[in-house]
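First up is the structure itself, then whatever we jot down about it.
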Amino acid sequence: MSFTVNLNPDMPVEKAIQIYILDRIADFEKIASGLGDPDRDVVVESVHDLRVDCRQILSVIDAFTPWIRVGRLDPLRREIRCVNGLLGPVRDLDVLLESPELISPFRERAEHDRRYALCRLISEMSGQKLDQCLGRMRSSLAGPEAMQQIARNPITDKGRVQQQLLGPVIPEVLYRLAARITAYRTLLDPRSPTGEFAIDMEAGESKGRAIHQLRIDCKRFRYTLTMLRPLFPDQTDAALKSFKKLQDLLGEWHDLERLAQVLGGRSKLMAGEADSSLTHAVIKRQEELMASFAVVWQTTDAAWFHRLIRSLVDHLFD
């Protein structure tokens with residue numbers, strides 16, 4: 001899943017995005033062959049990796065939105081979201097089925113739903129349909145004319161086109177993404193040992209919704225770092241490693257929240273209408289995750305992101 005194509009800080013932003021997305025599409029094509037593998041583990045991994053490819057593409061487009069004409073990439077984004085709609089149900093069920101002790105009362109139904117979702121996915125992501133899908137993805141990025149249409153190059157006072165280069169925009173890209181994450185510190189009090197939210201109830205925020213969105217923004221930051229890794233591999237690897245713990249905790253919490261929905265929803269769990277042992281196991285594990293999350297979140301503040309981004313930028317322009 002690594003991105004190894006060389007990027008140059010002096011290349012236009014749209015060119016870097018073209019190289020990256022086409023590389024992800026090529027990876028997608030290679031991984032899609034695993035969907036029909038008789039080995040279930042191969043299929044599970046393929047579904048996961050295909051979702052990552054899709055999310056990486058969407059995350060990078062989102063990260064560089066101020067410097068490209070995003071509307072020109074709408075056909076690509078629609079295609080990716082359509083594919084994600086097929087991958088999502090399979091992946092969600094795979095995750096739930098990884099907790100047999102919790103999902104045992106619903107395992108037969110979950111297996112049935114997974115077989116149906118997987119058959120639908122394979123029918124759309126194989127043979128001629130896969131070729132057509134990949135062709136539509138690539139069409140938005142084919143040729144120099146497409147790149148000219150995507151580029152958002154400002155006009156100088158002298159009427160000249162000022163090309164946006166990758167290197168100079170990287171600091172703002174990363175700081176913008178980091179700001180999305182640190183903004184949640186106004187909702188989540190890092191001083192609380194249980195990771196409780198300080199929520200303005202009139203704003204309509206909820207703990208689950210906030211954690212889910214924080215998880216998404218963390219992924220966007222990580223996927224953008226992954227794209228930029230060829231420019232500073234050592235520094236990026238260290239950053240991704242330190243960031244992984246936070247994401248792992250958020251990811252497991254989200255998986256348990258989905259499991260709670262399968263068991264009958266949060267309200268039923270709290271009211272004791274579901275199996276009490278399952279209720280206890282899910283809620284207890286989520287409390288443990290929030291306690292661990294609060295410790296990591298305490299140090300993942302604006303200063304942490306500033307040090308990280310500064311080290312990357314210093315290396316880039318050294």
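Read the figures in this text as sums done on the coordinates, not as results from a lab. All values derive from a computational prediction rather than experimental measurement. Note: ideal-geometry Cβ built from the backbone for every residue, glycine included; neighbour counts use all protein chains shown.
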How are the alpha carbon pair distances in segment 5-152 distributed across 10 Å bins from zero to the largest one, expressed in percent? 11, 38, 28, 16, 6, 1
Full extension between His48 and Lys244 adds, at 0.36 nm per residue less the Cα distance, a length in nm of 68.9 nm
Once you put a point 7 Å from the Cα of Cys119 and another 7 Å from the Cα of Asp10, both along the Cβ direction, what distance in nm separates them? 5.8 nm
If r is the Cβ-Cβ distance from Gln162 to Ser104 and R0 is 51 Å, what FRET efficiency results, to the nearest 0.05? 0.25
